[in-house]
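The values are calculated or read from the model by the stated rules, or taken from the named source; none is laboratory data. Just so it is clear, the structure is predicted and the values come from calculations on it, not from any experiment. Here the Cβ is made from the backbone with ideal geometry for all residues, glycine too, and neighbour counts use every protein chain on show. For accessibility, only protein heavy atoms count, side chains too; no ligands or nucleic acids. Shrake-Rupley method; radii C 1.70, N 1.55, O 1.52, S 1.80 Å.
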Amino acid sequence: MLAIALCCPAIWGQALSDLAVPAPIPKGSTLVIGFLGGFEQWNDDHRSVRKLTLKLRNRPGVYAESVSNWRRKVALELIRRALDTNQDGKLDAEECTRARVILFGQSWGGAAVLATARDLKKLGVPVMLTVQVDSVGVHDDVVPANVLSAANFYQHDPLTIQGRQEIRAADPTRTRILANLEKSYLLHPMDNTNGEWARRTFGGSHAKMEHHPAVWSQVERYIVDAIGRR
């Protein structure tokens, strides 16, 4: 897979000009960023992160974009520009206080969620919600204190990539862990609609979870509930 990625540099090409979020977004709006897993392209409509991103765009006052997990710098610049209401090139205290940011992601994208949340903490930007789905990575277990709420979905089936089993708050007085929800897919059929032979053949429960509608319905509910909070 890595060899394919290196031989196909087009998949690395995601720039701010490719993204649909305006800069800045209107005051009071919610910005939702979804991080895809693996070497998945940010605009791959077969991926569940992308599907949910497009669905969330239909909600009034919501601006949503999907980003490849290795393009976090693009995501950070997107967030900074979206929140920079006076367009002076930096985020002041008022702009940070008004920020309504939600982050979610799957697999390596789950790890990118917390890494991005930590970067936003350095900028003084709060995060309303983080959601990780079968998160894979390093340092993807401790939710930074600038996150208000966090949820985690995972599976630990044998002979497959296993997601992060538990997330915890760096500061439990500031972050609420909504759930660490375990799923199992040993008897769950593979979704054959994504069109990728390698994923269907070798992906196992990690791939099954990525295409499980019930999981993404729960992710969507968490996000919609957070959007509704003022």
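Per-structure values
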{"item": "Unmet requirement for Phe104, which otherwise passes all of (1) within 14 Å of the chain's Cα centre (by Cα); (2) assigned to a helix (DSSP H, G or I)", "result": "(2)"}
{"item": "Tally of residues being within 16 Å of Arg168 (Cβ to Cβ), buried (at least 24 other Cβ atoms within 10 Å of the Cβ) and either β-branched (Val, Ile, Thr) or free of Cβ contacts under 8 Å to residues at least 24 places away in the same chain (or both) across the range 128-145", "result": "3"}
{"item": "Test: residue in the range 54-64 that is open to solvent by less than 20 Å² (accessible area, probe 1.4 Å) and at pLDDT below 95", "result": "no"}
{"item": "Residue in the range 104-116 that is over 21 Å from Ala20 (Cα atoms), open to solvent by 10 Å² or more (accessible area, probe 1.4 Å), out of contact with any Ser or Thr (no Cβ under 8 Å at 6 or more places or on another chain) and without any contact (Cβ under 8 Å) to a residue 60 or more places away in the chain present", "result": "yes"}
{"item": "Candidates Glu77, Glu95, filtered to the one that is without any contact (Cβ under 8 Å) to a residue 40 or more places away in the chain, more than 23 Å from Lys183 (Cα to Cα) and outside any strand (DSSP E or B)", "result": "Glu95"}
{"item": "Identity of the residue in the range 210-226, free of Cβ contacts under 8 Å to residues at least 24 places away in the same chain and under 15 Å from Ile102 (Cβ atoms), that ends up most open to solvent (accessible area, probe 1.4 Å)", "result": "Arg221"}
